[in-house]
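The values are calculated or read from the model by the stated rules, or taken from the named source; none is laboratory data. Bear in mind the structure is a predicted one, so any value in this text is a computation, not a measurement. All Cβ positions, even for glycine, are placed from backbone atoms using ideal geometry, and neighbour counts span all protein chains on display.
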Amino acid sequence: MDQKRVSRREFMRLGSLAAAGATLAACQPQVVEKTVEVEKVVEATVEVEKVVEVEVTSVPSAEEERVELLWWCGWPGSYMQAIAKAFEDKFRNIRLELGLFYTDAGQLLAAIAGGNPPDVVEDITYLETIARGVILPIDDLVAVHPDIAFDDGDISTASWEAFMWEGKHYGVPSCDIAGRQGLGFNLDLIDEAGLDPDNLPTTWEECFAWHQQITTYDSAGNIEILGFDPMAERTNACSFGDPWMWPHMWGFNYIDENLEHHIDREETVEFLNVIKMFSDDVGVEQLEGFGEAMAGVSRGGFGRGTVAMRITFPSGPVPVWRNNQNDTYDWTYVPVPESRKGITTQTAGGHAGLITKETKYPEECFELVVFLTQQEACDILFEANGWVSPRKSWRETFDMSEYPEHVQEDVRFFVDSLEDADEVWVVRDPIEGITESVWQSTYQAVQFGDMTPEEGAAHMQEELSRELARFLEERE
Amino acid sequence: MIERFRPSRQEVGRMVTGLLFVSPWIIGFLAFTIYPMGASFYYSLTHYDVFRPARFVGLDNYREMFFIDSMFGTVLGNTLWFVVVSVPAAFVTAFLLAILLNQKIRARPLFRTIFFLPSITPAVASVMVWLWIYNTQHGLINSILIGFGKKAIPWLSSTTLAKPSLVIVQCWMQGTAVVIFLAALQDVPRALYEAALVDGANTLQRFWNVTIPMVTPVMLFVLLTGLIGTFQSFLFPWLLTRGGPNNATELYSVYVYRSAFKHFKMGYASALGWLLLLIIVVFTVILFRTSARWVYYGGEE
């Protein structure tokens with residue numbers, strides 16, 4: 001009997017055809033939708049919930065059509081999900097898809113290159129992205145919206161200006177909007193060192209003297225208590241809503257309105273010398289290592305009672321108090337050089353909701369960014385992170401009574417400093433990411449002795465001027 | 001008279017079937033290797049930040065690399081140092097471990113598993129562990145030192161020690177190379193060892209004259225893959241040190257990433273990538289050329 005056998009080649013051919021067919025079938029769009037609705041049926045005085053499964057085969061009607069927005073909310077906390085839910089409850093025709101991760105420039109680049117950018121994005125290098133033309137200007141949207149305005153005084157002018165480029169507004173100030181830096185003190189460590197907590201230092205020279213008095217070492221020379229690491233946290237940053245603040249302490253802006261750099265100057269040499277002074281006192285490797293040792297902890301050693309002074313972001317007071325209620329903290333203006341003693345300085349910035357140009361739903365996106373400035377969202381953010389709202393109306397009514405008086409004062413300091421400081425700086429740097437890289441490598445080179453402060457100032461001027469010239473050339 | 005090749009219908013059919021089977025790979029190769037390589041070469045000749053169209057500038061990026069960029073020399077120097085030190089170190093570590101694991105000891109499979117585990121542990125998890133080990137105050141090593149009244153070692157905050165610290169991590173991750181060496185060691189014919197023993201060779205002489213020559217082809221493979229991989233090291237330097245302190249661990253791939261995704265200089269990053277390819281090719285050619293002197297292939301005359 002002649003048995004029909006399938007050869008190996010035929011078997012493989014049939015198998016691959018079957019696999020290809022299965023793949024094609026799996027890629028077909030789903031037509032049938034199933035929705036589960038919960039019906040509440042009230043019977044006399046008893047409320048009964050009945051789950052009803054309803055199969056819907058038709059496309060939803062125009063009235064029921066929901067807009068879907070992709071929102072890269074910038075921080076992966078559950079608080080962002082809470083804000084998203086609150087927004088969806090208010091705007092039932094909008095559904096939010098959240099990007100719950102720390103937004104990275106590379107991700108945004110890839111999304112834009114791939115033709116799938118988010119509709120709303122936060123926590124990016126704001127000016128750098130705005131200046132490259134991928135963000136939607138919002139002047140027209142603000143003009144017609146009933147709940148927000150540029151000039152009603154509810155959001156400070158400096159905060160609005162921080163997200164302006166070439167005369168247009170691009171961002172609605174939303175999260176952590178306050179003066180961008182403050183010098184925090186652990187008053188208990190200061191007291192233990194025999195210093196006067198009622199007479200806090202206001203100049204860098206005074207801070208250095210306090211640092212030397214507070215810093216202690218064990219018998220082998222390892223740091224036990226550190227007075228001050230001037231490069232921890234805020235002083236390291238130049239982007240993401242926190243412009244380079246060192247020039248402001250010395251009374252100048254490193255980039256002017258004509259987009260020219262002013263870095264190679266005496267003042268830059270002076271503050272590089274100040275940074276080197278602290279490093280040399282402790283030993284740069286030891287200082288770096290001490291900072292890294294608690295890098296994963298909120299505010300590092302400062303939040304754990306082993307560092308006495310730190311220049312923090314405005315979100316310092318609440319989380320520090322929550323993590324360490326044994327010690328008392330206080331915040332004030334950042335120090336200035338002796339030649340500017342008595343002058344208080346602050347920088348505007350923070351985080352904003354930006355709408356990308358590719359969005360199909362600009363009005364809906366704008367509702368989201370406005371929602372971030374309103375009561376419900378601001379309450380959630382303050383409870384989660386200690387981030388203050390950009391709105392004066394929120395700050396005047398928000399109940400902080402659960403926090404000790406000194407914490408309330410510190411929060412108010414950051415908020416009020418934007419109005420009260422002698423100098424309030426607004427920086428618009430279209431290459432802020434590059435500025436940050438060059439700043440960080442330059443000050444480290446000075447700390448480690450690879451460059452003198454004079455060389456560092458000249459190096460920054462040269463590098464950043466060249467990069468800015470290239471950016472401007474490409475714009476043309 | 002030259003006969004023309006005229007394939008029969010059956011042969012054509014077989015050729016088409018073969019091509020159909022291999023077509024997924026061909027499509028993938030074209031789409032995910034050839035096209036990106038071509039695109040990256042084109043972008044290396046442009047100024048391109050992804051947000052705006054690429055602008056052709058010829059060899060401007062390459063000129064910037066060699067004559068303008070002050071970081072390039074540092075980055076290249078760091079990378080060459082790292083390759084020259086960590087490739088031999090990792091190689092020797094893997095080989096010695098394989099020799100140890102080839103001995104007849106109790107619970108040998110358990111030891112083999114333990115030494116292979118680092119290779120399959122997720123990189124981020126490994127980084128977390130190493131950050132703790134190297135931590136200046138609370139790390140495994142330094143807390144013991146501090147407990148004994150000694151000065152802590154600034155593993156990742158010293159410009160002198162940061163790169164060696166990465167080399168140690170690299171040596172720790174040689175599980176795959178160990179397994180490959182182990183397979184090669186077990187493939188050495190016993191008859192050769194017996195013959196050497198009969199000739200009066202001691203342990204060291206057997207190792208030098210039998211073991212090593214027989215595993216040299218595998219050594220070449222491990223060296224080559226180690227070289228290529230180390231030149232492209234990114235994950236551990238980026239996660240452990242972010243290129244610091246003071247650019248001491250700013251390796252080539254870290255710099256490419258920073259240029260592309262932090263500085264929005266995709267064109268420049270592409271040019272850096274092509275130069276890296278050239279450097280790797282040069283090293284590979286040198287390795288192959290010299291291999292004739294030290295690699296023993298049993299089938300050769």
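Go through the residues of segment A:177-196 one by one and say whether even a single one is in a helix (DSSP H, G or I) and touching a Phe, Trp or Tyr at 6+ places or on another chain (Cβ under 6 Å).
Step one: filter segment A:177-196 for residues in a helix (DSSP H, G or I), giving A:187-192.
From what is left, the residues that are touching a Phe, Trp or Tyr at 6+ places or on another chain (Cβ under 6 Å) are none.
Within segment A:177-196, not a single residue is in a helix (DSSP H, G or I) and touching a Phe, Trp or Tyr at 6+ places or on another chain (Cβ under 6 Å).
Testing A:Gly167 on (1) of a type outside the set (Ser, Thr, Tyr); (2) buried (at least 23 other Cβ atoms within 10 Å of the Cβ); (3) more than 14 Å from every other protein chain (Cβ to nearest Cβ), one condition comes back false. Which one is that?
It fails just one condition, (2).
Could you give every pair whose Cβ atoms fall below 8 Å, whose first residue belongs to segment B:123-144 and is within 13 Å of another protein chain (Cβ to nearest Cβ), and whose second residue is part of a loop (DSSP other than H, G, I, E, B) and of a type in the set (Ser, Thr, Tyr), counting only separations of at least 6 or pairs across chains?
From residues that are within 13 Å of another protein chain (Cβ to nearest Cβ), the pairs are B:Thr136/B:Ser157; B:Asn142/B:Thr136.
From the list B:Ile99, B:Ile105, which one is out of contact with any Lys or Arg (no Cβ under 8 Å at 6 or more places or on another chain) and outside any helix (DSSP H, G or I)?
Values: B:Ile99 fails: outside any helix (DSSP H, G or I).
Exactly one residue qualifies, and that residue is B:Ile105.
Identify all residues within segment A:60-81 that are outside any strand (DSSP E or B), surrounded by 12 or more Cβ atoms within 10 Å (Cβ to Cβ) and either within 14 Å of chain B (Cβ to nearest Cβ) or of a type in the set (A, V, I, L, M, F, W, C) (or both); write none if there are none.
Within segment A:60-81, A:Cys73, A:Trp75, A:Met80 qualify.
Restricting to segment A:273-321, and then to whatever is at pLDDT below 90 and of a type in the set (Lys, Arg), can you tell me which residue is surrounded by the most Cβ atoms within 10 Å (Cβ to Cβ)?
Only one residue fits best here, namely A:Arg299.
Quick check on segment B:48-56. Is at least one of its residues among the hydroxyl-bearing types (Ser, Thr, Tyr) and outside any loop (DSSP other than H, G, I, E, B)? Explain how you work it out, then say what you get.
Of all residues in segment B:48-56, those among the hydroxyl-bearing types (Ser, Thr, Tyr) come to B:48.
From what is left, the residues that are outside any loop (DSSP other than H, G, I, E, B) are none.
No, the conditions are met nowhere in segment B:48-56.
From the list A:Ala111, A:Ala84, A:Ala143, pick out the single residue that is within 14 Å of another protein chain (Cβ to nearest Cβ) and in a helix (DSSP H, G or I). Full working, then the answer.
Working: A:Ala84 fails: within 14 Å of another protein chain (Cβ to nearest Cβ); A:Ala143 fails: within 14 Å of another protein chain (Cβ to nearest Cβ).
Just a single option satisfies the conditions, and that option is A:Ala111.
Does segment A:372-397 hold any residues that are touching a strand residue (DSSP E or B) at 6+ places or on another chain (Cβ under 9 Å), surrounded by 16 or more Cβ atoms within 10 Å (Cβ to Cβ) and part of a helix (DSSP H, G or I), and which are they?
A:Ala377, A:Cys378, A:Leu381, A:Asn385
Applying the selection to segment B:5-61, what residues are of a type in the set (Phe, Trp, Tyr) and surrounded by 11 or more Cβ atoms within 10 Å (Cβ to Cβ)?
Just the residues of segment B:5-61 that are of a type in the set (Phe, Trp, Tyr), to begin with: B:5, B:21, B:25, B:29, B:32, B:35, B:41-43, B:48, B:51, B:56.
Hits for segment B:5-61 are B:Phe21, B:Phe29, B:Tyr35, B:Phe41, B:Tyr42, B:Tyr43, B:Tyr48, B:Phe51, B:Phe56.
Which residues, taken from segment A:87-108, are modelled with pLDDT of 85 or more and within 12 Å of chain B (Cβ to nearest Cβ)?
Passing the criteria: A:Gln107, A:Leu108.
Results for (1) under 16 Å from the mean Cα position of the chain (by Cα); (2) buried (at least 21 other Cβ atoms within 10 Å of the Cβ), shown as yes or no for each residue.
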residue	(1), (2)
B:Arg206	no, no
B:Asn209	no, no
B:Ile212	no, no
B:Thr216	no, no
B:Arg242	no, no
B:Arg258	no, yes
B:Lys265	no, yes
B:Leu276	yes, no
B:Leu287	yes, no
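Matching residues to (1) without any contact (Cβ under 8 Å) to a residue 60 or more places away in the chain; (2) in a loop (DSSP other than H, G, I, E, B):
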| site | (1), (2) |
| --- | --- |
| A:Pro201 | no, yes |
| A:Glu205 | no, no |
| A:Ala220 | yes, yes |
| A:Glu224 | no, no |
| A:Ser279 | no, no |
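Checking the structure you have, find out if any residue of segment A:299-313 is more than 14 Å from chain B (Cβ to nearest Cβ), assigned to a helix (DSSP H, G or I) and farther than 24 Å from B:Asn246 by Cα.
Scanning segment A:299-313, I find at least one residue that is more than 14 Å from chain B (Cβ to nearest Cβ), assigned to a helix (DSSP H, G or I) and farther than 24 Å from B:Asn246 by Cα, so the answer is yes.
Which of the residues belonging to segment A:306-335 are of a type in the set (Val, Ile, Thr) and over 22 Å from A:Leu287 (Cβ atoms)? Give the derivation first.
First, pick out the residues of segment A:306-335 that are of a type in the set (Val, Ile, Thr): A:306-307, A:311-312, A:318, A:320, A:328, A:332, A:334.
Once the filter is applied, which keeps residues that are of a type in the set (Val, Ile, Thr) and over 22 Å from A:Leu287 (Cβ atoms), segment A:306-335 yields A:Val318, A:Thr328, A:Thr332.
Scan segment B:144-163 for residues that are part of a helix (DSSP H, G or I) and surrounded by 15 or more Cβ atoms within 10 Å (Cβ to Cβ) and jot them down. Walk me through it before giving the result.
Taking segment B:144-163 as the starting set, the residues that turn out to be part of a helix (DSSP H, G or I) are B:144-147, B:162-163.
Correct list: B:Leu145, B:Ile146, B:Ala162, B:Lys163.
Going residue by residue through segment B:272-284, is there one that turns out to be in a helix (DSSP H, G or I), away from every other protein chain (no Cβ under 14 Å) and under 28 Å from A:Asn236 (Cβ atoms)? So that I can check it myself, show each step before the final result.
So the first thing to find is which residues in segment B:272-284 are in a helix (DSSP H, G or I), and the list is B:272-284.
With the extra rule that they be away from every other protein chain (no Cβ under 14 Å), the set shrinks to B:272-284.
When the remaining residues are screened for being under 28 Å from A:Asn236 (Cβ atoms), the result is B:272.
So far as segment B:272-284 goes, yes, one or more of its residues are in a helix (DSSP H, G or I), away from every other protein chain (no Cβ under 14 Å) and under 28 Å from A:Asn236 (Cβ atoms).
Out of the residues in segment B:1-55 that are more than 27 Å from B:Ala269 (Cβ to Cβ) and either in contact with a strand residue (DSSP E or B) (Cβ under 9 Å, 6 or more places away or on another chain) or hydroxyl-bearing (Ser, Thr, Tyr) (or both), which is farthest from the other protein chains (Cβ to nearest Cβ)?
If we take residues in segment B:1-55 being more than 27 Å from B:Ala269 (Cβ to Cβ) and either in contact with a strand residue (DSSP E or B) (Cβ under 9 Å, 6 or more places away or on another chain) or hydroxyl-bearing (Ser, Thr, Tyr) (or both), then B:Ser8 is farthest from the other protein chains (Cβ to nearest Cβ).
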